[in-house]
Amino acid sequence: MLRTVVLSLAILAPTLLPAEGPPPQPLRESSVEALQVLLEDERKTEALYAAVIKKHGEVRPFSNIIQAERHHQRALEGLMQAHGVEVPPNLWQAKTAKSPDSFAAACQASAQAEIENVALYDQLMKTVVEPDLLAVFERLRWASQERHLPAFQRHSNP
């Protein structure tokens, strides 16, 4: 539990700006687009994990990783707010993601979603120059690559 709190604080810390001081610099268009695309991907992944939990119950690793996906979203939303970018509505709240029928297949699909998420971070980090965005992107990418993906891979083969 303490490790989760520390990791959450480490992810969110770069997005916490002092109330005083100069306003944040406007983001480049490519940085705004990167934030929007990554937020949408994190929301889509949360919807998949919620569908799996609905179908298969509060099972690990889904019950843990869905919380991490929400932390990822809050970190990205915090960056948007800190830079004066409007946070788009979560369209996935009105959509129903479909869960694979078996738990192993759900883990395989989720492992693939994490692989695609890491690739998306790799691609979009090339389009961003702002240090605070890069720091958060790197932390979120690391969590997907080093924590989420191995957890799903461990459960993919029954």
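Structure summary
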read-out	value
Any helices (runs of 4 or more DSSP H) falling wholly within region 98-158 and containing at least 3 residues that are at pLDDT 95 or above	103-125, 131-143
Qualifying positions in region 23-60 - in contact with a His (Cβ under 6 Å, 6 or more places away or on another chain) and either free of Cβ contacts under 8 Å to residues at least 40 places away in the same chain or within 14 Å of A113 (Cα to Cα) (or both)	E42
Number of positions in region 102-124 that are within 18 Å of I53 (Cβ to Cβ) and in contact (Cβ under 8 Å) with a residue 12 or more places away in the chain	10
Residue in region 2-23 that is surrounded by fewer than 17 Cβ atoms within 10 Å (Cβ to Cβ), within 21 Å of L124 (Cβ to Cβ) and modelled with pLDDT of 80 or more present	no
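One line per residue, one yes/no per condition, for (1) among the acidic types (D, E); (2) part of a helix (DSSP H, G or I); (3) surrounded by fewer than 19 Cβ atoms within 10 Å (Cβ to Cβ); (4) within 13 Å of the chain's Cα centre (by Cα):
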{"position": "V59", "(1), (2), (3), (4)": "no, no, yes, no"}
{"position": "S63", "(1), (2), (3), (4)": "no, yes, yes, no"}
{"position": "A75", "(1), (2), (3), (4)": "no, yes, no, yes"}
{"position": "G78", "(1), (2), (3), (4)": "no, yes, no, yes"}
{"position": "Q81", "(1), (2), (3), (4)": "no, yes, yes, no"}
{"position": "G84", "(1), (2), (3), (4)": "no, no, yes, no"}
{"position": "P88", "(1), (2), (3), (4)": "no, no, yes, no"}
{"position": "W92", "(1), (2), (3), (4)": "no, yes, yes, no"}
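The values are calculated or read from the model by the stated rules, or taken from the named source; none is laboratory data. If you're wondering where the values come from, they're calculated on a predicted model, not measured in any experiment. All Cβ positions, glycine included, derive from the backbone under ideal geometry; neighbour counts span all protein chains shown.
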